[in-house]
Structures are given as structure tokens and as C-alpha cells.
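What follows draws every value from the coordinates through simple rules; no lab data is involved. What you see is a predicted model, and the numbers here were worked out from it, not measured in a lab. Note: ideal-geometry Cβ built from the backbone for every residue, glycine included; neighbour counts use all protein chains shown.
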Number of protein chains: 2
Amino acid sequence: MGRWEPDARGRLERAALELYGERGFEQTTVAEIAARAGLTERTFFRHFADKREVLFGGSSVMRDLILGAIARAPASATPIEAIAAGLDAAAGVFTPDRRESARRRAGIIAANAELRERELIKMAAYTAGLVEALRGRGVVEPAASLSAEIGIAVFRVAFERWLDQTEERDYGQLLRDSFDELKALTAAC
Amino acid sequence: MGRWEPDARGRLERAALELYGERGFEQTTVAEIAARAGLTERTFFRHFADKREVLFGGSSVMRDLILGAIARAPASATPIEAIAAGLDAAAGVFTPDRRESARRRAGIIAANAELRERELIKMAAYTAGLVEALRGRGVVEPAASLSAEIGIAVFRVAFERWLDQTEERDYGQLLRDSFDELKALTAAC
């Protein structure tokens, strides 16, 4: 193991997002990312398996936050309330100081077909995780699948709005507002 | 152009589904599909660009059915009602006689990572199509995106149930029941 580098992971992430934005994801090498961060390739590979993991490596942290909150929701919570509590816990990741880098990340993913596919796969895995978490609370089908799919649908919309430059509400507020809009949309039909 | 082959497309589809199921998608060649169907490779390529298109070639027909029905929904329809009318039009594709081949197709896709990704991409394209169709009806954001995402969520669940061997309701009934369950789930929170 090399010497300890303060915030090496964060420095590598910032360098990678800069370079992916400037040159494109495909055109950027690990050597360039390490150089931009003032670190070695060896340090890069201590933190990330590959270039792509810089963009997707945080998802297990978020998954644990979300699934933990669903499991801890009160027994009286409806399936949708439990899902909403889970997604609200992601506010621990989607903090105001991470908004700009989340925007950059989204722009990089939108520009690359392989990364867009990877993001779709990630979301499908989240949906499957939510279904399992609801089953763990005793929710049966089709309520478990339907609530999970709806929850991910609301999350996608809230998250897109959070990325919007003109949007001033924070992630938690946008999520609550989107769930309220879901209720209004479905009550009207 | 070769001579006219009665129902060549249907014969090729059935042969492909059989072979993908027996040997796996990767292990099946176009030559084998054509031979099983009693047709030539040349005939195969008049109907399909490649092996994968046999599984995904019908999606443009369904897309037109769905988007046409959304455009024709009454002006008084809410966004969710317009989406429900669109998804209901897919009953023209998901007919009882196609249920068994839809099950086979789903099994083949579930067994192959590349095909699962392709299916996710197809669903994301449907969602984008629904958003556009709602915007064409004058629905603004976030209602357009939220209704489209919710509609696809309900569709996924209804379609999964339609594929279930133990399920006797038809696609249209399952779709309506799933929309009713959506209302019940969101009203309760």
C-alpha cells in the first residue's frame, strides 16, 4: 500500500468528472485522471475498479441508506409511505454541496450510450431492492412491485428536477412535492 | 426478391423463440432459425436485421398503437387517463393467442444480460414517447414526466402479471386493475 493521500477518493472523483466533461468519457484515461488529481494510477485502482466505477461507485452507499430506512419505517406505514421514507433517506447523499457534481455526472452519462444503459441497469436494481424491502415488511404482490415501480418513477422525476439549474428546492422537498403531485394526478382520474 | 413465403415472418419468429429457448440466444445462429422455419437465410434477412430484432421488432407497432390512442383520448381526459387509454390500446398486440409466445420471449430475455439491457432501453424509449405524447396534449412538466413514469410503472406490473401462468385475466383487465391498485395505494398515504 502506498502512503496515505488526504481525500484521494474525492480528488479522483473531481478530476474524473472534469476530464469526462472536457474530453468525453471514452477519451479519458485513468492515467490522465490520476495526473489531474496529483495522484498515481495505483492510487486510482485502490479506490475504483475502472473509469466507470467513478460514476457508479456511490450506488451501494445509497442503496443501504434507502433500504435501511424502509426497514425502519413504522409498522403502520403504507407501502408507499415506506418507499417515500426510504427515498427521503437518500437526502443524506443528495446534499446541496453535491448538486453541481451530480449535474456534471448526469451530463456525462447523458452523452454516452453505454453509460445511459448502465444507469438504467442501476435503476432496475434499485427497483428490485425496493420490492425486496417491501416484502421484508410483509407487503404482498402486486402491491410490493407496484409501490416500488411507482416510488422509482417519483424518484426519477424529483431527481431530474433537483438537477435543473433553475430549481431552488432541495432534494427532500422536491421528493415530497413529487409524491404530492402523484397523489393529485391519481386522485383526479 | 425470392418467391412469396406464406407467413414467413411468423414462422421465423416461432422458430427463433423455440431455438433461443432450447439452446440460448447466444448459441443460436440465423442459419439454424431459417432451417427450423423451412426458409432461407436470405428470407430471414428480408424480415429482420439480426437475431435480436426477432425479439424487439414488434415494438414500433406497439409504440404507434399507444401514442395514437393517447393523441385521440378526449380533451377532457386527465394525463393519467390519457396514458391509461394509450396503454389499453396495446391490448391489440397482447392478445390471448400471443400470451404463450410473450412468455417465451420474456424467459429468453431474462436469461441474457444483453437482452435485459435492450429491454430496459426499450422501456426508457417508451417513457420518452409517452412524455412527448402528453406534451402534445398540452400537459406541462412535471405532470407530463410523472404521469409517463407512473404509466410505465403500472404497465410493467400489469404485463408481468399477464405473463404469469396462474393469471387468468386478460391484459386489458390486468391493466385496469393495476391502475385501480395505483389509486388505492396512493390514496392510502
Violations at 31 Å Cα threshold for listed pairs A:Lys183/B:Lys51; A:Lys51/B:Lys183; A:Lys122/B:Lys183; A:Lys51/B:Lys122 -> A:Lys183/B:Lys51; A:Lys51/B:Lys183
Restricting to Cα pairs under 8 Å and 6 or more apart, the percent relative contact order of chain B works out to 20 percent
Projected area averaged over all directions for the convex hull of the alpha carbon atoms of the stretch B:8-51, nm², comes out at 2.4 nm²
Helix-only [θ] at 222 nm, the protein assembly as shown, -39500 (n - 2.57) per DSSP H run of 4+, per residue, nearest 500, equals -22500 deg cm²/dmol
Dividing the mean separation of Cα pairs under 8 Å (6+ apart) by the residue count of the stretch A:8-50 yields a relative contact order in percent of 41 percent
Mean per-residue count of partner chain Cβ within 10 Å for A:175-181 equals 2
Relative to chain A, whose Cα atoms define the longest principal axis, helix A:113-136 and its Cα axis are tilted in degrees, nearest 10, by 40 degrees
Taking the stretch B:55-102, the equivalent ellipsoid from its C-alpha gyration tensor has semi-axes in Å, biggest first, of 23, 11, 7
If every Lys and Arg gets +1 and every Asp and Glu gets -1 at its Cβ, then about the Cα centre chain A yields a dipole, in debye to the nearest 20, of 460 debye
Label model pair B:Glu132, B:Ala184: point-to-point distance (7 angstrom along the Cα→beta-carbon line) in nm is 3.6 nm
Hydrodynamic calc, the protein assembly as shown: Kirkwood Rh from Cα pairs, then Stokes-Einstein at 20 °C with viscosity 1.002 mPa s, so D in µm² s⁻¹ is 94 µm²/s
Between the modelled labels at B:Arg46 and B:Ala71 (7 Å from Cα along Cα→Cβ) the distance in nm is 3.1 nm
The stretch B:31-64 scanned against label point 7 Å out from B:Glu18 along Cα→C-beta; backbone N under 20 Å for B:31-48, B:51-56
Tilt, helix B:8-23 to longest principal axis of chain B (alpha-carbon atoms), in degrees rounded to tens, equals 90 degrees
Per residue of A:153-162, other chain Cβ atoms within 10 Å number on average 4
Mean Cβ-within-10 Å packing, highest first, puts peptides B:59-67, A:11-19 in the order A:11-19, B:59-67
Under 12 Å by backbone N from the virtual spin label 7 Å along Cα-to-Cβ at A:Val30, the residues of the stretch A:52-84 are A:52-54
Shortest first and in nm, the label-point separations between B:Gly24 and its counterparts in the other identical copies (7 Å out along Cα→Cβ) come to 3.3
Expressed as a percent, the portion of alpha-carbon pairs in the stretch B:2-77 spaced more than 20 Å apart is 40 percent
Plugging the Cβ-Cβ distance of A:Glu53 and A:Ala91 into 1/(1 + (r/R0)^6) at R0 = 25 Å yields, to the nearest 0.05, a FRET efficiency of 0.60
The base-10 log of I(q)/I(0) that the Debye equation returns for chain A at q = 0.16, 0.17 Å⁻¹, one scatterer per C-alpha, is -1.03, -1.12
Taking every alpha carbon pair in the stretch B:86-162 and sorting the distances into 5 angstrom bins from 0 up to the bin holding the longest one, the percent per bin comes out as 3, 14, 20, 23, 19, 11, 6, 3, 0
So, in nm and shortest first, the distances from B:Val93 to its counterparts in the other copies, with label points 7 Å along Cα→Cβ, work out as 3.2
